[in-house]
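These notes concern the structure reproduced below.
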Amino acid sequence: MPARTKLTAILILAVAASPACFVRRRTVGAPAAHANRPVLSAAKEELIRRIHKVSDPIKSQKAATDYATIGAYLLFRRPDQMRMVGQDPVIESTIFDMVSRGNEFRLHIPRKKKFFVGTNDSHGSSENKLENLRPSAFLSALMINPPDPATETALLEDDTSEEKAVYILLILRKDHDQLSLARNVYFDRYTLDIARQKTFDSAGNIVSETRYAAWTNYDGISFPTNILIRRPKDNYEVQLSVTSLRFNTADVTEEKFNLTQPPGTELQQLK
């Protein structure tokens, strides 16, 4: 039986009232003190195995999400297919529909009669934050991948002090004889759960920062029930709270990731 949980996307999409209201700024407080709790120890290899344990079982994912002003539906299929549809729950109309297959993404905004085609690494510059969304932002945040031995190597840092107790797995890209930082995965040393992930571009700038909390086991698959995604280059953040989720269902097929331009819409190519 596929695992079921609940996924609420606090997608901060008050788009119906104002397209520019996608951004929500929020202060994340310091973690609560772990009084009288011993820290746990783990070697680099064990932490990598922990990433495999939460990543490898997920072949596909189907989530229904909702918020006060929007409902969202998310599909994922390995290795790199993502679809997300946002709907107005009152009038049941689509606010946006976006798909990612490989490095290509497509975005349809019916109310604007616009259809965008581009690459996931193209940065949005629109004042309408909705037009700056890229499916890869959710893909890289929701899927925590272990290091690829063919192209990456990993180092371990113990960042433990009186204020915090964290292991940081630094995952480096291998490019001939050069190494560059690809992403950091942070483990809470009180639980060894993954607490945070940062991804970087080739120049070392932060592309995304994702925080994970309240990891829960669902029929053998562990998934965080609170996710906060921050995209500093794109100037927005998204908070997700898990309310309903199904893994590895047979109906998440290749066809679900086809999105064609509807008649009467304006095509915009983004590079």
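The values are calculated or read from the model by the stated rules, or taken from the named source; none is laboratory data. On a predicted model such as this, the values are computed, not experimentally measured, just so you know. FYI the Cβ positions are ideal-geometry reconstructions off the backbone, even for glycines, and counts take in every protein chain you see.
Which residues, taken from segment 109-128, are modelled with pLDDT under 70 and in contact with an Asp or Glu (Cβ under 8 Å, 6 or more places away or on another chain)? Selection gives 123, 124.
Restricting segment 21-45 to residues that are in a helix (DSSP H, G or I) and surrounded by 13 or more Cβ atoms within 10 Å (Cβ to Cβ) leaves a set whose member that is modelled with the highest pLDDT is 44. For segment 220-271, taking the residues that are touching an Asp or Glu at 6+ places or on another chain (Cβ under 9 Å), polar (S, T, N, Q) and not in a loop (DSSP other than H, G, I, E, B), the one that is nearest to residue 141 (Cα to Cα) is identified as 222. Could you grab me the full set of residues in segment 78-97 that are within 14 Å of the chain's Cα centre (by Cα) and either among the aromatic types (Phe, Trp, Tyr) or part of a strand (DSSP E or B) (or both)? Across segment 78-97, the qualifying residues are 81, 82, 83, 84. Take segment 86-123 and flag every residue that is without any contact (Cβ under 8 Å) to a residue 40 or more places away in the chain, surrounded by fewer than 20 Cβ atoms within 10 Å (Cβ to Cβ) and within 24 Å of residue 207 (Cβ to Cβ). Selection gives 102, 103, 104, 120, 121.
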